[in-house]
Amino acid sequence: MPAQVSGLSRYPIKGLSYQPLNSVTLQAGRGVSGDRAFALALPATVFDETNPQPLSKFEFMMLARQEALARLKTSYDGSTGLFSLIDGTERLSADVHCAEGRAAIEAFFARFLPEDQKSSKKPRLVTAANHCFTDVGVHSSELMHAISVLNLASVRDLEARIGERLDPRRFRANILVEGLDPWVENEWLNHELMLGAVQYRGMRLTRRCPATEVNPDSSIRDINVPRELMRFFGHIHLGIYLTVIKGGVLRIGDTVTAAG
């Protein structure tokens, strides 16, 4: 089977559920539209939505610190602005474009703050034009709009070594690829390749953080992925960030090839 794209996703709100896609239209120098478009800023975080500056991921709610976020089933409709979530028997639907809707969302997420960060202030739902809340956005504008790719063969290789199943959702990638050799993605760094009709360049290997320890079904930290990567491979990289050089439509089933 030729190497191909087997999954496409975006994460409308940093740290929350993914939205599966069948196809995505990509532009040069831009990421997946709507990916990490919102974030929940911690009460002490200063973020100006009219003049956005990249901030450390530690300024926002995230799975690396608030693993209980994984138990939430969330969705976002970009055409209407409707955000919905399910937490057990509790349900919330709110419009992110109105003050009342944002206030309801912020009040809900206040309960997930660590005790030392709980105060009269609540987390703040933030967004800004042409701004993505990617972890690597602090390094450059190009990386802010990079696309994360996960080679499923590399995941399976790590699985075999540790004797545990690793759900690809742990890695929160935009693109899943199948049919490659394990770890071949590390060779894409600073090289060009094609996924379907879209041309990319490898930008940065993905360093794995404690967010990958969290089981996406149970919301429990059950596998120390960074430690296992270091134990077996001497590094904590799994996946790669690509930047789009020549845009186009990417679809599930598109082939992965070297750029001609």
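Just so it is clear, none of the values below were taken in a lab; they were calculated from the coordinates. Note that the structure is a prediction, hence the values are computed from the model and not measured. Using ideal geometry, Cβ is built from the backbone for each residue, glycine included, and neighbour counts are taken over all protein chains shown.
Could you tell me the relative contact order of segment 101-257? Use alpha-carbon pairs under 8 Å, at least six residues apart, and round to a whole percent. For segment 101-257, the relative contact order is 23 percent. What shape does segment 38-132 have by the C-alpha gyration tensor, where a ≥ b ≥ c are the square roots of the eigenvalues, rounded means a/c under 1.5, and otherwise prolate means a/b greater than b/c and oblate the rest? Oblate.
Between Gly31, Gly78, Gly196, the GNM of the chain built on Cα springs shorter than 10 angstrom shows Gly78 fluctuating the most.
Adding -39500 (n - 2.57) for every DSSP H run of four residues or longer, then dividing by how many residues the chain holds, sets the calculated 222 nm ellipticity at -4000 deg cm²/dmol.
Against the chain, whose longest principal axis is taken from its Cα atoms, helix 99-109 shows a tilt of about 70°. Extension gain for Ile245 to Met230 (0.36 nm times residue separation, less C-alpha to C-alpha distance): 2.2 nm. Normalised by the number of residues in segment 38-132, the average gap of Cα pairs under 8 Å and 6 or more apart makes the relative contact order 35 percent. Axis angle, to the nearest 10 degrees, between helix 152-162 and the longest C-alpha principal axis of the chain: 80 degrees. Short-range pairs are left out: with C-alpha atoms under 8 Å and at least six residues apart, the relative contact order of segment 10-52 is 42 percent. Under 18 Å from a label point set 7 Å out along the Cα-to-Cβ vector of Met1, the amide N atoms of segment 164-187 belong to 166-169, 175-185. When the Gaussian network model of the chain links Cα atoms closer than 10 Å, the mean-square fluctuations of Glu178, Glu213, Glu115 top out at Glu115. Counting only residues at least eight positions apart within a chain, or on another chain, the lysines with an alpha carbon under 28 Å from that of Lys122 are Lys14, Lys57, Lys73. Kirkwood Rh, the chain, all Cα pairs: how many Å? It works out to 19.0 Å.
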